[in-house]
Amino acid sequence: MSALLIRGGRLFDPASGVDAVGDLLIRGEHIAAVGEVEARGDEEVIDAAGLLVAPGLMDIHVHLREPGQEQKETVATGTRAAAAGGFAAVACEPNTSPPRDTAERVEELLEIARREAVVRVLPKCAITVGQRGEELSDLAALRAAGAAAASDDGFAVADAALMREAMAAAKRAGMPLTVHVDGPEMVERDIGLAAEIDWQVHFSHVSLADEVELIARARQRGLRVSGEATAHHLALCRADAPEGDASFKMNPPLRSARDRGVLRVGLSAGVISVIASDHAPHSAEEKAQPYEEAPPGAIGLETTVGVVWTDLVHGERASPETIVRAMTAGPAEVLAVEAPALRAGARADVTALDPECEWTVEPERFESKARNCPFAGRKLKGRATVTIVGGRVAMREGRIVELGAAA
Ligand SMILES: [Zn+2]
């Protein structure tokens, strides 16, 4: 059995109440010991002095583009980008080509992931057939095939009756719902449905102050409602986007400085319990079109940790607890999966971060196939330096460890 000793890091798992300098011992696919560790001497050692050793980060809003748009990204390149950015698991949106709306397509994706992914891949499936908002997908079959959540990301399900049906079917199937947020009206409608049907709903890429306030009130009422913010909506506002630069064209768009401020407060208050990248790769040709025709979306897997650490932890004195929780226990709760944790017996998904590492964003060096990054050229402080997935080192010091390489 392979063994890995992560030595002398600040072990940091807010959800488990762990915050102390110590060692972490991994044997095989699981954490064997935390804190005071008895090493045997046969372990591969990673010196973690000065690093924050956290549970493996999760990003539950990622576009991997396979199948159908492999010129933008693939499972292989997208998960390499995830590992490079410190993410041990990603949940990928179903708006592939064709959309992931059948059990076979979920199984296909899981098969590709088994072969090619360097981090865990949790497939989302479409709420409606073809993501057309007309007819419900077979959520029970999709769940049985391994879908982690249902999402019509890119579109809101406009038909309220269909959305009510979707929520009832999701409840019967035990399927988490992550919905595309398209203004406060839809948020209000879906909170109402969540209350009526007594099921959970997660709001993807929340960006407006009014949306944050609606979610805050729903949570106060005890509803199972959660919100997610992207790193770009937390870091940037409309005024930061150079005129006509399609790297800053997103859906939802960048908002006002006030909206960004409320989003940050919502994160600190726990109303926004998830930070995600909404990693949305596009080819250079597509983004080079005139602004109006260029597709919306920005890549983010390789910048999210650096951006939130720079702008929120160093810049705004946000607590590292809030940030780490929003990339570990928060997203795990939304998908109702076991949260990554620094605890003996837990699955060995671990991310080490260097909070003081200064680096410059150079998209041409990214693992992602895409370069549509609004942070290009920015100097950041904070970076993931080790990603471990199920006891296997997937990334170390920015280098991806190839699948099949000796552990
Ligand atoms: Zn998206």
**Request:** Within segment 96-154, track down each residue that is of a type in the set (Val, Ile, Thr) and in contact with a Lys or Arg (Cβ under 7 Å, 6 or more places away or on another chain).
**Result:** Thr96, Val106, Val118
**Prompt:** Can you spot a residue in segment 270-280 that is closer than 30 Å to Gly50 by Cβ and more than 12 Å from the chain's Cα centre (by Cα)?
**Reply:** yes
**Prompt:** Quick one: is Ala257 surrounded by fewer than 24 Cβ atoms within 10 Å (Cβ to Cβ), over 30 Å from Val119 (Cα atoms) and modelled with pLDDT of 95 or more?
**Reply:** yes
**Complete:** Restricting attention to segment 108-130, the residues that are surrounded by 16 or more Cβ atoms within 10 Å (Cβ to Cβ) and within 21 Å of the chain's Cα centre (by Cα) number exactly 16
**Fill in**
Over segment 86-108, the set of residues touching a helix residue (DSSP H, G or I) at 6+ places or on another chain (Cβ under 9 Å), within 23 Å of Asp349 (Cβ to Cβ) and within 16 Å of the ligand (Cβ to nearest atom) is Phe87, Val90, Ala91, Cys92
**Prompt:** Hey, any hits in segment 46-65 for a residue that's farther than 14 Å from Ala352 by Cα, small (Gly, Ala, Ser) and more than 16 Å from the ligand (Cβ to nearest atom)?
**Reply:** no
**Prompt:** Of the conditions (1) assigned to a strand (DSSP E or B); (2) among the small types (Gly, Ala, Ser); (3) within 16 Å of the ligand (Cβ to nearest atom), Ala81 fails just one. Which one is it?
**Reply:** (1)
**Request:** Assess whether Glu213 counts as being at pLDDT below 95, surrounded by fewer than 23 Cβ atoms within 10 Å (Cβ to Cβ) and of a type in the set (D, E, K, R).
**Result:** no
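Every residue, every condition in (1) surrounded by fewer than 16 Cβ atoms within 10 Å (Cβ to Cβ); (2) at positive phi; (3) without any contact (Cβ under 8 Å) to a residue 60 or more places away in the chain, yes or no:
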site	(1), (2), (3)
Ala3	no, no, yes
Gly9	no, no, no
Asp23	no, no, yes
Glu38	yes, no, yes
Glu43	no, no, yes
Ile46	no, no, no
**Asked** If you go through segment 206-222 one residue at a time, do you hit one that is more than 16 Å from the ligand (Cβ to nearest atom), assigned by TED's automatic domain parsing to the domain that holds Ile323, closer than 30 Å to Ala168 by Cβ and in contact (Cβ under 8 Å) with a residue 60 or more places away in the chain?
**Response** yes
**Prompt:** Just a yes or no: is a residue in segment 297-318 within 14 Å of the ligand (Cβ to nearest atom), outside the structural domain of Met395 (by TED's automatic domain parsing) and more than 14 Å from the chain's Cα centre (by Cα)?
**Reply:** yes
**Message:** Against the condition farther than 22 Å from Ala89 by Cβ, part of a helix (DSSP H, G or I) and among the hydrophobic types (A, V, I, L, M, F, W, C), how does Ala144 come out, does it pass?
**Reply:** no
**Asked** Any idea how many residues of segment 5-31 are farther than 26 Å from Gly330 by Cβ and among the hydrophobic types (A, V, I, L, M, F, W, C)?
**Response** 2
**Prompt:** Scanning for something small (Gly, Ala, Ser), free of Cβ contacts under 8 Å to residues at least 24 places away in the same chain and away from the ligand (no atom under 16 Å from the Cβ), does segment 145-167 turn up at least one residue?
**Reply:** yes
**Asked** Restricting the search to segment 271-285, which residues are touching a Pro at 6+ places or on another chain (Cβ under 6 Å) and assigned to a loop (DSSP other than H, G, I, E, B)?
**Response** His282
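The values are calculated or read from the model by the stated rules, or taken from the named source; none is laboratory data. Predicted model only: the values in this text are computed from it and were never measured. Because the Cβ atoms are built from the backbone with ideal geometry, glycine has one as well, and the counts that use them run over all protein chains shown.
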